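Beneath this line is the structure, given in structure tokens, with notes to follow.
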Amino acid sequence: MKHTLGKDTKATEGTGVGYAIIMGWQWVIVQLGIFLFLGYALGFSPSSDWGFVRWFGVPGVVVGAVLLMPALLAHGRKLTPLPEPNPELGLVRTGVYASVRHPIYLGLMLLVWGLAMVLQKPLGLLGAGILTLFFNLKAREEERRLLRRYPDYAEYQKTTGRFLPPLLSRRTSSSGQS
């Protein structure tokens, strides 16, 4: 495939809808591999004895589940694992999406970190770290595609956080600092 640099990238190879779908499935395959690793790490790998520290994972499990459920319901049957936006769904900006752009990823990350702690699985913590890195990269790719499909996505990005609500940035901007 030949890629050219410059302002007119629409005419280059590797930028069509088919290419985007193929590239999207590569993300899904990697994600599936991470989930399989996490299944092993949380279910079958050796546990440690962390004492009371394990209970620090409970809030992660609870908050992760609380975030995950309404985010999944907002998508319904139109949910897709691909980073390419589903045109049938449109841009969701209500519910948990009013504060966080990727509540499904955030919910899964909190859930996995919490489970790794509660189950006292060191390999689970490694998997949680890998999942966090992966979702950060996938969210960036998703946002690039969302900006291309929805011009008003840039404004939505200014009012929400990728994984956390922008409380700190709102506080500093309202006090006159930048």
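Scan (1) within 23 Å of R162 (Cβ to Cβ); (2) small (G, A, S); (3) modelled with pLDDT under 90 for the single condition A11 breaks and write down its number.
(1)
Could you list all residues from the stretch 22-44 that are surrounded by fewer than 16 Cβ atoms within 10 Å (Cβ to Cβ) and either within 12 Å of L126 (Cα to Cα) or of a type outside the set (G, A, S) (or both)?
Of the stretch 22-44, the ones surrounded by fewer than 16 Cβ atoms within 10 Å (Cβ to Cβ) are 22-23, 25-26, 28-30, 32-33, 35-36, 39-40, 43-44.
Listed by number, the residues that qualify are I22, M23, W25, Q26, V28, I29, V30, L32, F35, L36, Y40, F44.
From (1) under 23 Å from V63 (Cβ atoms); (2) within 15 Å of the chain's Cα centre (by Cα), pick out the condition that doesn't hold for L146.
All conditions are met except number (1).
For the stretch 144-161, enumerate the residues that are of a type outside the set (D, E), free of Cβ contacts under 8 Å to residues at least 24 places away in the same chain and either part of a helix (DSSP H, G or I) or buried (at least 18 other Cβ atoms within 10 Å of the Cβ) (or both).
To start, the set of residues in the stretch 144-161 that are of a type outside the set (D, E) comprises 144-151, 153-154, 156-161.
Adding the requirement that they be free of Cβ contacts under 8 Å to residues at least 24 places away in the same chain leaves 144, 147-148, 151, 154, 158-159.
Within the stretch 144-161, R144, L147, R148, A154, K158, T159 meet the criteria.
Can you name every residue in the stretch 71-92 that is loosely packed, with under 15 Cβ neighbours inside 10 Å and not aliphatic (A, V, I, L, M)?
H75, G76, R77, K78, T80, P81, N86, P87, E88, G90
Does E141 satisfy being in contact (Cβ under 8 Å) with a residue 24 or more places away in the chain, touching a Pro at 6+ places or on another chain (Cβ under 9 Å) and either within 23 Å of G33 (Cβ to Cβ) or outside any loop (DSSP other than H, G, I, E, B) (or both)?
Values: in contact (Cβ under 8 Å) with a residue 24 or more places away in the chain: yes; touching a Pro at 6+ places or on another chain (Cβ under 9 Å): yes; either within 23 Å of G33 (Cβ to Cβ) or outside any loop (DSSP other than H, G, I, E, B) (or both): yes.
Judged against the criteria, E141 is a match.
Hey, R140 hits all of (1) within 30 Å of A41 (Cα to Cα); (2) modelled with pLDDT under 95 but one; which does it fall short on?
(2)
The values are calculated or read from the model by the stated rules, or taken from the named source; none is laboratory data. Here the structure is a predicted model, which is why all the values come from computation and not from measurement. Neighbour counts are summed over all protein chains in view; Cβ atoms, including those assigned to glycine, are modelled from backbone coordinates with ideal geometry.
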